[in-house]
1. With springs only between Cα atoms under 10 Å, which of 114, 28, 319 fluctuates most in a Gaussian network model of the chain?
2. Out of 89, 190, 225, any idea which swings most in a Gaussian network model of the chain, alpha carbons joined below 10 Å?
3. Which distance in Å, rounded to a whole number, links the C-alpha centroids of segment 306-378 and segment 123-140?
4. Residue 52 to residue 149: FRET efficiency via 1/(1 + (r/R0)^6), r the Cβ-Cβ distance, R0 45 Å, to the nearest 0.05?
5. Computed FRET efficiency, Cβ-Cβ of residue 250 and residue 339, R0 30 Å: what is it to the nearest 0.05?
6. When 87, 96, 367, 354 are ordered from fewest to most other Cβ atoms inside 10 Å of their Cβ, what list results?
7. Is segment 137-243 rounded, prolate or oblate when judged by the Cα gyration tensor, a ≥ b ≥ c being the square roots of its eigenvalues, rounded requiring a/c under 1.5 and prolate requiring a/b larger than b/c?
8. When the chain is modelled as a GNM with alpha-carbon springs shorter than 10 Å, which of 120, 303, 29 fluctuates the most?
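Quick note: the coordinates plus some simple rules give every number you see, no bench work behind them. All figures in this text were calculated on a predicted structure; none of them were measured in a lab. Using ideal geometry, Cβ is built from the backbone for each residue, glycine included, and neighbour counts are taken over all protein chains shown.
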């Protein structure tokens, strides 16, 4: 395991010391949540985000479009249309977008999608003269990963608090990790990657990545032992990474770790959740096990969310929200070395595809019914 020095985290994180938590944990039992619809009629909305300081919302549609919501109005012209380049269906499609931390100056953003052959491509684009429309001719390939099967593509790209681009990749698909990719550090599949898109062409491997210089290991790897890290998020205030890994037949899990700790093994396919997956071998030495699991009597596929850091519902700051694709409930917990304040909010949101976060830290839920919901108090 590699622990990054605090200097690498940026000014925002220097305001917190190691183990930083909310100064006072408020009583959240009286809070009730509801949702309000901010957009309708979207086709498989998979992700929502915004550049820093930008009041607009950018929504990824799985068939290959990024849509813009300006002042509460869904714009008819896509920000970017990649439908001709994207394979769409099942777990394939345009899966996420990440805006460069210096987007205001350089106009760069990064997308993760499966191409017409079903392989993963991470590409950089640039905004055009119209701030609501990108330049489709500005494509630059950053990362290509061959996908042996059509499922478990991961698909999330996120800039971390350290300014590096993190890329989630599933184990390559099928079922049970037949190629053994989760525990194989010579492949990028079944991993969380960390790359520097500002220091190389098309990227550089940060020298403080945990497996740089390790024989037989890819330097891009930040963490491994993942089945399908569909959604993960950084809590900048508490310096933690929350990673929801989709399970196989029995268990869904949430992994939480210090965001500065690289080289962690989250266990797949030695483990599924907190249980041994393989009956022939289950050596748990060195594994980082999940902080929360739930069985398939409660759902089928975890949809990870965010730690709430907005201002509209201050008593919920520091609360992590998550859902399940099949069950459509909204649940949450707090974490400070252990899981506390677990709560089911009594909402039914359809097939939850993803969560989103705007520039102010407010949270959204994206449903297969084509709606984007904002979480609000009632």
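1. Result: 28 has the largest fluctuation of those listed.
2. 89
3. 31
4. Numbers: r = 36 Å, r/R0 = 0.80.
The formula returns an efficiency of 0.80 here.
5. Values: r = 19 Å, r/R0 = 0.65.
Computed FRET efficiency for residue 250 and residue 339: 0.95.
6. Details: 87 19, 96 25, 367 22, 354 28.
Fewest-to-most ranking of 87, 96, 367, 354: 87, 367, 96, 354.
7. Numbers: a/c = 1.36, a/b = 1.28, b/c = 1.07.
Verdict is rounded for segment 137-243.
8. Maximum fluctuation in the GNM of the chain, among the listed residues, is at 29.
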